[in-house]
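Structure first, then comments.
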Amino acid sequence: MNYVDYIKKEVEKILFIEIERDINFKIKNNFTLKKGEYPIYAEKLKEMALSGTSNINLTYILEGIITILGVDENFKYKDLYLSTLKNIDGIESYIISQIEKNKQNNLKKSLIYANTLIKINNSETNQINRIYLLFDLQAKTGLDFKDEIEKSLKDVLKTNIENPTANYNLALLYLNFDRDLAKYHLRKCLNYPITKKEAEELLYKIELVENFDRAVDLIKQQQYKEALNILIPLIEEEPQNLNAIYYTALCYRNLNLNEKALYYLYMLKDQPERPEVLIEIGLNLASLSYFEDALEYFKDALKLKPNDQTIISNIGVCYYYLGQVDKAKEAFELSLKLNKDDEVTKKWLELIKED
């Protein structure tokens, strides 16, 4: 359920009564409730019926008006209701008091009242406080209010484009799918003590991620030395960056620096088993002619990826160099069944036949 559907369900609890003439009231000032249809919670009418009360409490009507304005942007009497509220002295303070009163036990009601409050006074403070309620209600209900939160944050920036709270929270929303936009909003936060430290930390983390992405692109282009110039400093900054460690080892293997590759791969041995790590260790050990050790790593990788043709072929290579030609042939034949177009495996089988 999205935000709009969730908030509009509150209307189901409301009925409308008709007031046939204008009624003058005095709270802090005199104001007129013009004749027309007004909302009231059904439960309030039920309470009145059970108690035998015929006079409707003004508070019940105000509660209905605030609720309708807070849940339906396009309600047909919204202008009348809004004008009514604005004519009541102290209405803002009353709504704020109700928001605070209901935060613990009726967060939805607090948000609805906050929706109406920003229609009366669209200040930055009121907008930001409403957004905090949106975050809290999203966390409590498990519903996705992301679109409404994003829209509300952008509305704050229409009032003040430099607002640090709005910019910071927009950056968090964009962090995982639009880094450029996230960086734009984070840079806006650097001039404000309230967000400066967090913004600096996030900008730094984004820089690390972007550097890693550049390194991966360089590896795809077989520019391994250039990739290492990025990856080594990255590991120094983030020693627990397992992906950076893995790709560093990959670079060293492709540069035929197998001992260095193994140095980094062994950093990953205590981590949850990843077949690609086991394969890399096997490849490096095999390159150093440690075929028995390499074979064990390839076998462990095969347990995690049982039908991987490349692993099976590498097992065949180890058996071949260990002098176990029959097992090598068996592995190569199985590999070829899984990928009949593998030219490398075909050449290994031809080599065995020649022997």
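The values are calculated or read from the model by the stated rules, or taken from the named source; none is laboratory data. Keep in mind that what you see is a predicted model, and the values were worked out from it rather than measured. Quick reminder, even Gly has a Cβ in these numbers, built from the backbone with ideal geometry, and neighbours come from all protein chains shown. Keep in mind that these areas ignore ligands, DNA and RNA; they rest on the heavy atoms of the full protein, side chains included. Shrake-Rupley method; radii C 1.70, N 1.55, O 1.52, S 1.80 Å.
Data for the structure
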quantity	calculated
Global geometry of the stretch 163-207, whether rounded, prolate or oblate, following the gyration tensor of its Cα atoms and the 1.5 cut on a/c	oblate
Equivalent ellipsoid semi-axes - Cα gyration tensor, the stretch 1-67, angstrom	24, 16, 11
Nearest 10 degrees, 0 to 90: helix 91-102 Cα axis against the chain principal axis	50 degrees
Largest-first principal axis extents of the Cα set of the stretch 241-327 (Å)	41, 25, 19
Percentage, to the nearest whole number, of Cα pairs in the stretch 20-168 over 21 Å apart	50 percent
Mean ellipticity per residue at 222 nm, deg cm²/dmol - from DSSP H runs of n ≥ 4 across the chain, formula -39500 (n - 2.57)	-22000 deg cm²/dmol
Accessible surface of the stretch 234-355 [probe 1.4 Å, protein heavy atoms]: carbon and sulfur percent	47 percent
ASP300 - accessible surface, heavy atoms, 1.4 Å probe, Å² rounded to 10	50 Å²
10 Å binning of all Cα-Cα separations within the chain, expressed as whole percents from 0 upward	5, 17, 18, 13, 11, 11, 10, 8, 5, 2, 0
Accessible area (Å², 1.4 Å probe, nearest 10) - ARG179	80 Å²
Under Karplus coefficients 6.51, -1.76 and 1.60, residue-wise ³J(HN,Hα) of the stretch 136-141 in Hz, glycine/proline x	5, 5, 4, 5, 6, 8
When the stretch 287-327 is reduced to its Cα atoms, the Kirkwood hydrodynamic radius in Å	10.2 Å
Amide hydrogen neighbours beyond the local backbone of ILE17, cut-off 5 Å, H modeled	TYR38, ILE40
Three-way shape label, the stretch 206-355, alpha-carbon gyration tensor, a/c 1.5	prolate
Shape of the stretch 297-355, Cα gyration tensor, a/c cut at 1.5	oblate
LEU262 - accessible surface, heavy atoms, 1.4 Å probe, Å² rounded to 10	10 Å²
Whole-percent carbon and sulfur share, accessible surface of the stretch 141-219, 1.4 Å	52 percent
Rule-of-thumb Rg ratio for the stretch 85-177 [Cα; 2.2 N^0.38 Å; N residues]	1.11
Calculated FRET value between ASP89 and ASP144, using beta carbons and R₀ = 45 Å, to 0.05	0.70
For the stretch 346-351, Karplus couplings with θ = phi - 60° (6.51, -1.76, 1.60), whole Hz, Gly/Pro x	4, 5, 5, 5, 5, 5
Value of Rg to Rh for the stretch 108-224 (Rh from inverse mean 1/r over Cα pairs, i.e. Kirkwood)	1.10
Angle in degrees between helix 224-237 and the longest Cα principal axis of the chain, rounded to the nearest 10	50 degrees
5 Å binning of all Cα-Cα separations within the stretch 44-112, expressed as whole percents from 0 upward	3, 14, 22, 22, 19, 15, 4
Accessible solvent surface per residue of the chain, calculated while the other protein chains remain in place, 1.4 angstrom probe, Å²	57 Å²
Stretchable slack from ASP326 to LEU203, in nm (0.36 nm times residue separation minus alpha-carbon distance)	38.6 nm
Accessible surface, 1.4 Å probe, highest first, among residues SER123, SER335	SER123, SER335
Centre separation in Å (Cα based) which lies between the stretch 199-213 and the stretch 235-258	19 Å
Loop-located trypsin sites (Lys or Arg not before Pro) in the stretch 1-72, at most 10 other Cβ atoms within 10 Å (DSSP)	ARG21
Between helix 146-159 and the chain: long-axis angle, C-alpha atoms, 0 to 90°, nearest 10	60 degrees
Relative contact order of the chain, defined on C-alpha pairs under 8 angstrom at six or more residues apart (%)	7 percent
Accessible-area composition of the stretch 4-85, carbon plus sulfur, in percent [1.4 Å probe]	47 percent
